[in-house]
Amino acid sequence: MDVTGPWIRTAAAAGLLRDGVPLPTVFARMSALAASTGALNLGQGFPDDDPPALVADAAVAAIREGRNQYPPGAGEPTLREAIAAHQAAWYGLDWDPDTEVLVTTGATEALAATLLALVQPGDEVLTLEPFYDQYAALIGLTGATHRTVPLTSATDPVSGDLVLGVDEQQLRDAFSARTRVVLVNTPHNPTGLMLEQSVLAAIVEQAQRYDALIVTDEVYEHLTFGQPHQPLAVLPGARERTVSISSAGKTFAVTGWKIGWLTAPSALVTAITGVKQWLTYTSGAPFQPAVAAGLGMDRSAFAQLTEDLRERRDLLTAGLRDIGFQVAVPAAGYFTVADASQFGEADGAALAERLPTEAGVVAIPLSAFHHADSSGAQDSASRLRFAFCKSRSTIEQALERLDAWAAVRR
Ligand code: PMP
Ligand code: GLN
């Protein structure tokens with residue numbers, strides 16, 4: 001039987017096939033490896049935490065109240081209103097809930113519908129590298145070219161930690177007349193980097209200069225440990241060309257609910273809805289009012305979610321450092337990047353395959369967030385991403401196991 005379709009052709013070109021068959025994502029593969037080996041899963045970014053009680057109770061109540069049929073394609077009005085109110089209260093951004101807000105099946109669908117609606121063959125889509133793996137797959141599907149700007153790496157002379165950053169000039173130079181979309185992920189997966197104001201301003205300036213659209217992926221917007229998140233859309237000149245994407249998954253510890261959204265000027269929302277309606281039409285009826293309730297929580301409830309996570313970031317990051325990994329301290333998100341070259345491990349992808357059986361711990365190799373032949377891939381070759389959105393006891397046990405693993409290699 002011929003199973004060749006557009007995706008298979010794209011995937012073949014992007015190296016996402018093995019023996020002609022699509023490979024599962026690195027997250028699916030590493031979670032399966034954790035299950036089959038019994039290793040502790042610091043790989044895939046899903047939390048051990050429960051959602052806030054108010055959010056969980058609202059979902060249960062919505063199911064009991066019979067809110068179980070197709071919601072409107074654009075999303076439940078209560079959720080669209082809550083998204084607009086949240087953007088206004090936190091960031092001072094005004095969006096019309098009827099024409100400038102679209103509810104999606106996770107940020108995943110928002111990203112897919114946006115790129116499929118707005119990008120065509122011959123265009124370029126610009127991202128930082130490393131990048132969230134879905135970006136390369138989606139850009140491939142549109143037939144556009146994926147252009148990347150590698151993060152810079154340095155060592156902090158005092159702490160010895162890894163410091164990742166963006167070379168502003170290199171970022172500016174990567175724009176051209178072919179740049180259709182600059183896809184900006186801040187806070188950033190896998191590194192936890194938050195882009196500085198001057199970098200955001202450079203992106204807006206270049207997008208204006210080359211008439212490019214800006215798409216932002218802000219799914220970690222509330223999980224920040226120092227500076228609060230600032231959406232790119234608030235910068236002067238940004239709003240009219242920006243699609244801002246976020247999700248309930250990380251903020252409320254409900255990654256399985258798959259409720260995401262985007263905000264943008266109405267012409268962009270209309271174009272993106274044109275694709276979204278043929279992908280899923282709509283989803284998650286009883287979860288939508290529950291997420292609306294979550295977005296309306298007061299600031300102290302949001303702060304509580306982050307406080308807890310910050311403690312686990314500190315636990316994991318300090319623990320990995322003590323064991324002998326060079327670590328990059330994340331400013332936000334779920335993940336710490338650690339370099340294993342101190343243990344003679346130059347190939348993080350190979351190490352990630354062995355670590356579950358050698359140490360009883362699963363991590364994601366940074367190579368999964370790179371094009372194999374890019375310059376940034378070399379910097380990241382010996383690096384792994386460890387998730388700290390897991391329970392304190394899981395992190396402590398993982399650190400003990402990694403310490404024992406490292407002890408014979410120091
Ligand atoms: N973007 C980034 C940067 C992510 O880490 C993830 C995973 N949560 C997504 C998008 C997908 O989000 P969702 O689970 O809401 O589809
Ligand atoms: N965003 C999650 C991560 O980075 C994974 C999401 C997925 O499995 N598709 O770990």
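The table for this structure:
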quantity: Among (1) within 16 Å of ligand 1 (Cβ to nearest atom); (2) not in a strand (DSSP E or B) - the single one GLY376 does not satisfy; calculated: (1)
quantity: GLY324 vs. criteria of a type outside the set (A, V, I, L, M, F, W, C), over 26 Å from LEU384 (Cα atoms) and away from ligand 1 (no atom under 16 Å from the Cβ); calculated: no
quantity: Qualifying residue in segment 237-255 (condition: more than 16 Å from ligand 1 (Cβ to nearest atom), surrounded by fewer than 24 Cβ atoms within 10 Å (Cβ to Cβ) and within 28 Å of ARG310 (Cβ to Cβ)); calculated: no
quantity: Those residues of segment 106-131 which are outside any helix (DSSP H, G or I) and surrounded by fewer than 21 Cβ atoms within 10 Å (Cβ to Cβ), in sequence order; calculated: GLN120, PRO121, GLY122, ASP123
quantity: Of all residues making up segment 327-359, the number that are of a type in the set (Phe, Trp, Tyr) and within 16 Å of ligand 1 (Cβ to nearest atom); calculated: 2
quantity: Residue check, HIS86 assigned to a strand (DSSP E or B) and either in contact (Cβ under 8 Å) with a residue 40 or more places away in the chain or not basic (Lys, Arg) (or both); calculated: no
quantity: Residue list for segment 18-60, filter: surrounded by fewer than 16 Cβ atoms within 10 Å (Cβ to Cβ), more than 16 Å from ligand 2 (Cβ to nearest atom) and not in a helix (DSSP H, G or I); calculated: ARG18, ASP19, GLY20, VAL21, GLY38, ASP50
quantity: Scope segment 63-83; condition outside any loop (DSSP other than H, G, I, E, B) and buried (at least 21 other Cβ atoms within 10 Å of the Cβ); matching residues; calculated: LEU79, ARG80, ALA82, ILE83
quantity: One residue from ASP123, ASP161, ASP167 being free of Cβ contacts under 8 Å to residues at least 40 places away in the same chain and either within 16 Å of ligand 2 (Cβ to nearest atom) or not β-branched (Val, Ile, Thr) (or both); calculated: ASP167
quantity: Check on PRO356, surrounded by 24 or more Cβ atoms within 10 Å (Cβ to Cβ) and either in a helix (DSSP H, G or I) or touching a Ser or Thr at 6+ places or on another chain (Cβ under 8 Å) (or both); calculated: no
quantity: Any pair with Cβ under 8 angstrom, 6 or more apart, that starts in segment 92-113 at a residue that is free of Cβ contacts under 8 Å to residues at least 40 places away in the same chain and ends at one that is within 16 Å of ligand 1 (Cβ to nearest atom); calculated: PRO97/ILE83
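Read the figures in this text as sums done on the coordinates, not as results from a lab. The shown structure was predicted, so the numbers you read here are calculated from the model rather than taken from an experiment. For neighbour counting, all protein chains shown are included, and Cβ atoms are generated from backbone atoms with ideal geometry for every residue, glycine included.
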